[in-house]
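Worksheet: one structure, shown below.
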Amino acid sequence: MRLDTKAMRYLTAEDWRTLTAVETGSRNHEVVPTPLIGQISGLRGGVHKSISALAKVGLIARLKNAKYDGYRLTYGGLDYLALNTYRKRKDVYSVGNQIGVGKESDIFVVADEKGVQRVLKIHRLGRISFRTVKANRDYLRNRSSGSWMYMSRLAALKEFTFMTALRENGFPVPEPLAQSRHTIVMSLIDAFPMRQISSVPDPASLYAELISMILRLAQYGLIHGDFNEFNILIKEESSKTQENEKITLTPILIDFPQMVSIDHANAEYYFDRDVNCIKRFFERRFHFTSDENGPHFKDARKLVGKDGSKRLDVSVEASGFSKKMAKELEAYMKEVGVDGDGDPNASRGDEDSEDEGDSEEEDAEEDGAPENSEGPSTKTVGETTKDSAAVASAAPTEILLSTLQIRDET
């Protein structure tokens with residue numbers, strides 16, 4: 001999905017108040033009545049001009065066959081609200097290229113005022129294969145919190161909270177910098193996704209390090225739940241000596257919405273899946289098979305709290321991401337087909353019951369998204385390919401947020 005920020009420069013303070021009012025009304029209404037939008041925004045009669053302006057650029061949309069006149073917030077509208085928050089906090093100064101698209105997220109390069117590149121991850125739960133879960137809509141309809149907007153917020157909050165806890169305890173993860181609504185800003189890692197690497201000098205050493213990371217997570221009371229080549233970056237560092245050049249590979253772990261406690265009812269299943277994903281990938285890609293069986297879940301359980309390790313599953317709950325939130329998010333992700341095994345090439349769309357104009361806009365957004373090739377580009381360590389270099393350097397075509405005509409009265 002495209003992140004087109006060009007329309008931000010034309011939004012007035014009244015437009016931002018109206019957009020915020022639609023977001024506020026969405027907490028209790030799937031379609032926010034027009035009179036309520038005027039009431040929340042405080043604009044009353046003047047709200048219609050802003051509604052028209054926001055609908056024209058696709059930030060809000062009128063739902064087809066609604067029983068009353070009203071509008072709903074689109075992903076584009078939520079994106080704008082998050083970007084406006086980052087702009088005010090000076091977390092994001094410019095928006096660059098899209099460098100990744102996942103089953104339930106989009107990833108862009110952004111930069112701060114000093115030009116330091118960062119990563120903006122936008123969670124979009126519910127857009128993948130959403131039309132295939134219509135039979136399960138009753139599950140969502142009877143839940144005030146069961147919306148794509150709320151669940152995408154939970155996914156971002158969960159990822160930011162776990163990333164912060166892991167980073168503070170020495171795990172190799174990106175530095176979490178800011179979080180707003182359904183988005184996260186984190187440090188940009190100059191590394192390659194493991195799925196793009198065709199060979200490494202010492203597969204056994206890298207395999208051992210990844211298995212050690214799985215066990216270390218268990219020691220801190222956690223299971224990643226989606227530990228595979230798509231969620232592991234390999235950072236390549238070289239050091240020269242008089243005799244030769246030494247290459248050091250450091251795995252960086254990303255993507256934490258599926259992370260669960262080691263006390264989870266299905267913890268053994270998720271642990272075994274993480275281990276087997278690494279085993280299969282190394283056998284298939286690097287033709288490496290470990291001589292050792294396991295590790296097994298029963299062995300991982302014995303490591304919990306070892307050497308005074310802090311139970312991060314407990315501390316994360318205490319920091320604000322509660323068990324109730326975790327259960328809601330887990331149930332919703334399963335309903336929309338996101339449980340670590342989703343198909344990145346599945347059809348998209350957060351709704352299909354919209355008016356024709358909005359449908360056309362969504363089609364245009366989908367056409368603008370990068371297409372997935374049949375197989376990822378691969379590289380040999382020490383050799384840079386065109387595609388992998390684009391991910392690593394990610395030089396953005398920037399749109400400056402600081403130059404946009406946005407007022408702070410909202």
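Could you report region 1-137's accessible area per residue, 1.4 Å probe, as an integer in Å²?
43 Å²
Stick to the Cα atoms of region 1-106, pair each with every other, and give me the Kirkwood hydrodynamic radius in Å at one decimal.
Result for region 1-106 stands at 14.5 Å.
Find the relative contact order for region 1-57 and round it to a whole percent, using C-alpha pairs within less than 8 Å whose residues are 6+ positions apart.
Over region 1-57, the number comes to 37 percent.
List the lysines whose alpha-carbon lies under 22 Å from that of Lys64, not counting same-chain residues fewer than 8 positions away?
Excluding near neighbours in sequence, the set is Lys49, Lys56, Lys134.
Rounded to the nearest whole Å², what accessible area per residue is found for region 226-288 with the 1.4 Å probe?
51 Å²
Pop out the carbon and sulfur fraction of the accessible area of region 210-314 as a percent, whole number, probe 1.4 Å.
The value for region 210-314 is 45 percent carbon and sulfur by accessible area.
Students often get this wrong: which residues of region 1-24 have the backbone nitrogen under 12 Å from the point 7 angstrom along Cα-to-C-beta of Lys49?
12-15
Calculate, in whole percent, how much of the Cα-Cα pair population of region 43-93 lies beyond 17 Å.
That fraction is 48 percent.
Treating cross-link reach as a plain straight distance, find the lysines whose alpha-carbon is under 30 Å from the alpha-carbon of Lys235, omitting any fewer than eight places away in the same chain.
Filter leaves Lys90, Lys103, Lys114, Lys121, Lys158, Lys246, Lys279, Lys306, Lys310, Lys379, Lys386.
Give the carbon-plus-sulfur fraction of the accessible surface of region 31-94 in %, rounded to a whole number; probe 1.4 Å, heavy atoms of protein chains only.
Of the solvent-accessible surface of region 31-94, carbon and sulfur hold 50 percent.
Quick one: which residues, 5+ away or cross-chain, put their amide H under 5 Å from the amide H of Ile197? H built at 1.01 Å from N.
Lys379
The values are calculated or read from the model by the stated rules, or taken from the named source; none is laboratory data. Predicted, not measured: the structure shown is a model, and the values here were computed from it. Note that each Cβ is placed from the backbone with ideal geometry, even for glycine, and that neighbours are counted across all protein chains shown. Surface accessibility is based on the protein's heavy atoms, side chains included, excluding ligands, DNA and RNA. Shrake-Rupley method; radii C 1.70, N 1.55, O 1.52, S 1.80 Å.
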